[in-house]
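Shown next, in C-alpha cells, is the structure this report addresses.
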Amino acid sequence: MARKPGRTQLCTAADARARREHARKFLEVAELVALEEPDNPESCNVAASLAVLAGIAACDAACCDALEGSRGQDHRDAEALVAQIEPDGETASRQLRRLLNVKDTAQYGFINLGGAELRGVMRQAAHLLSFAEQVRGR
C-alpha cells in the first residue's frame, strides 16, 4: 500500500528559494568534508549526514514550488508528496527514500559508512537538487 502524504502547509516562492539554497550549501559542505578527509570514517558519516540534509531540503523546495510544503514529523511522509510532482516525482521519491535509509546510520549510528556508500548518498543528493531546480524552472 502506498504511503499517504502527511501534514502539509502552504509555502511561498521565497520559502522554496531558501530551501534550495540550504540544499546547495549542505551539499557544498558535504563535498568539502568528503574531499578533506576521504579516508576518515567519521568524516564519511558527517559528509553523508550533510548530503541527506541536502536531499531533504531539495525535496522541500520542489514541493513548495509544485505543491505545498511537507510539515509532518516523519521525513518519510514527504516521499509520497514528492511522488506527486510531475514529471519525475516517482524517481525523486525513490532517491529520497535511499537517502532516508542511511540517515540514522550516518547521523546517529555507531557504524561508519564506507566511501562507496558516501559516493552514492552524494549522488542522490545532487540528483534531488537538480530535480528541485528543474521544478522551479517550470
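Considering the range 6-40 alone, what residues qualify as being surrounded by 12 or more Cβ atoms within 10 Å (Cβ to Cβ), in contact with a Gly (Cβ under 8 Å, 6 or more places away or on another chain), at pLDDT below 95 and not charged (D, E, K, R)?
Listed by number, the residues that qualify are GLY6, THR8, CYS11, PRO38.
So which of ALA78, ALA92 ends up being closer than 17 Å to ALA16 by Cα, surrounded by 15 or more Cβ atoms within 10 Å (Cβ to Cβ) and either modelled with pLDDT of 90 or more or of a type outside the set (A, V, I, L, M) (or both)?
ALA92
Only one of (1) aliphatic (A, V, I, L, M); (2) surrounded by 19 or more Cβ atoms within 10 Å (Cβ to Cβ); (3) free of Cβ contacts under 8 Å to residues at least 60 places away in the same chain; (4) farther than 18 Å from LEU81 by Cβ fails for LEU99. Which number is that?
Result: LEU99 passes all but (4).
Would a scan of the range 115-131 turn up a residue that is buried (at least 16 other Cβ atoms within 10 Å of the Cβ), β-branched (Val, Ile, Thr), under 15 Å from HIS22 (Cα atoms) and at pLDDT 90 or above?
No, the conditions are met nowhere in the range 115-131.
Scanning for something modelled with pLDDT under 90 and of a type outside the set (Ser, Thr, Tyr), does the range 48-56 turn up at least one residue?
no
For the range 106-138, what are the residues that are of a type in the set (Val, Ile, Thr), farther than 14 Å from LEU27 by Cα and touching a residue at least 60 places away in the same chain (Cβ under 8 Å)? Steps first, answer last, please.
In the first step, residues of the range 106-138 are kept if they are of a type in the set (Val, Ile, Thr); the result is 111, 121, 135.
Within this subset, residues satisfying the condition of being farther than 14 Å from LEU27 by Cα are 111, 135.
Within the range 106-138, just VAL135 meets the criteria.
Mind telling me which of the residues ALA62, ALA106 ends up being surrounded by 21 or more Cβ atoms within 10 Å (Cβ to Cβ), more than 28 Å from ARG136 (Cα to Cα) and among the aliphatic types (A, V, I, L, M)?
Only one candidate qualifies: ALA106.
For every residue, the table says whether it meets (1) among the charged types (D, E, K, R); (2) within 11 Å of the chain's Cα centre (by Cα).
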residue	(1), (2)
GLU37	yes, no
SER49	no, yes
GLY55	no, yes
ASP65	yes, no
GLN95	no, yes
THR105	no, no
ASN112	no, no
GLU117	yes, no
ALA126	no, yes
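The values are calculated or read from the model by the stated rules, or taken from the named source; none is laboratory data. The structure displayed is predicted, hence computed values, not measured ones. Don't worry about glycine lacking a Cβ; one is built from the backbone with ideal geometry, like all the others, and counts go over all protein chains shown.
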